[in-house]
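This report refers to the structure that appears directly beneath it.
The values are calculated or read from the model by the stated rules, or taken from the named source; none is laboratory data. Quick caveat: nothing in here was measured; it's all calculated off a predicted structure. So basically every Cβ, Gly included, is an ideal-geometry build from the backbone, and we count neighbours across all protein chains shown. Keep in mind that these areas ignore ligands, DNA and RNA; they rest on the heavy atoms of the full protein, side chains included. Shrake-Rupley method; radii C 1.70, N 1.55, O 1.52, S 1.80 Å.
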Amino acid sequence: MKIRTPRLTLRPLSGADLPTAYAYAGDLENTRFMMFLPDADEAETALHLAQAEEQWRMDNPERYEFAVCLEGMHIGCVTLYMQEDRSEAELGWVLHKAHWRKGYVTEAALAVIEFARSLGVKRIFACCDSENVASYKTMEKLGMQLCGKGTRTNRSMGEELRVELVYDIRYE
């Protein structure tokens, strides 16, 4: 499966993406506000990629992890985490810092939102650390609205309790 946008190609994330995935997933600056990143080593990234491949082989995956590719180069990932009844899904992303502030996440996420709608998803939500201005601004560009706040920890920040923002968009 491939999704094309004006500048990007989205395709299933795979084990072949290990070097480029670890370049963003293992970088502390790149993942500063992420709950489950950075990866400790390439082996952790490889495990995650193997799980992503396994999901793509399922009839009804619990998550769809798309590699974001620019001119054939893997630069990030957009993931759709299906909720149990499949009418709701969580949207998440990570992009290599060399490609920040160019609109790639917004472009890729909009394509994944359309994919989710084709699956019958009625509500899409996304979460971020309250200090991650770029992420919540992206959520707003996607048409999402702030619908809640909570607390969380970020792997890179240890046990420090952080404020989490939750945004969503609903479809009829």
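If you filter the range 25-39 down to residues that are out of contact with any Lys or Arg (no Cβ under 9 Å at 6 or more places or on another chain) and open to solvent by 70 Å² or more (accessible area, probe 1.4 Å), you find that the one that is nearest to Arg152 (Cα to Cα) is Arg32. Mind checking which residues of the range 54-87 are under 21 Å from Thr5 (Cα atoms), open to solvent by less than 20 Å² (accessible area, probe 1.4 Å) and not β-branched (Val, Ile, Thr)? Tyr64, Glu65, Phe66, Ala67, Cys69, His74, Gly76, Cys77, Leu80, listed by residue number.
Please determine whether any residue of the range 3-17 is open to solvent by less than 10 Å² (accessible area, probe 1.4 Å), of a type in the set (S, T, N, Q) and either in a loop (DSSP other than H, G, I, E, B) or free of Cβ contacts under 8 Å to residues at least 40 places away in the same chain (or both). For the range 3-17, residues open to solvent by less than 10 Å² (accessible area, probe 1.4 Å), of a type in the set (S, T, N, Q) and either in a loop (DSSP other than H, G, I, E, B) or free of Cβ contacts under 8 Å to residues at least 40 places away in the same chain (or both): absent. Taking the criterion of being more than 19 Å from Ala21 (Cα to Cα) and either of a type in the set (A, V, I, L, M) or free of Cβ contacts under 8 Å to residues at least 12 places away in the same chain (or both), the residues of the range 77-101 that qualify are Met82, Gln83, Glu84, Asp85, Ala89. Counting only strands (runs of 3 or more DSSP E) that sit completely within the range 24-129, those holding 2 or more residues that are more than 26 Å from Thr151 (Cα to Cα) and either modelled with pLDDT of 95 or more or among the basic types (Lys, Arg) (or both) correspond to 63-70, 73-82.
Can you name the residue in the range 130-163 that is modelled with pLDDT of 90 or more and in contact with a Ser or Thr (Cβ under 6 Å, 6 or more places away or on another chain) and, of all such residues, is surrounded by the fewest Cβ atoms within 10 Å (Cβ to Cβ)? Per the criteria, the residue is Lys141.
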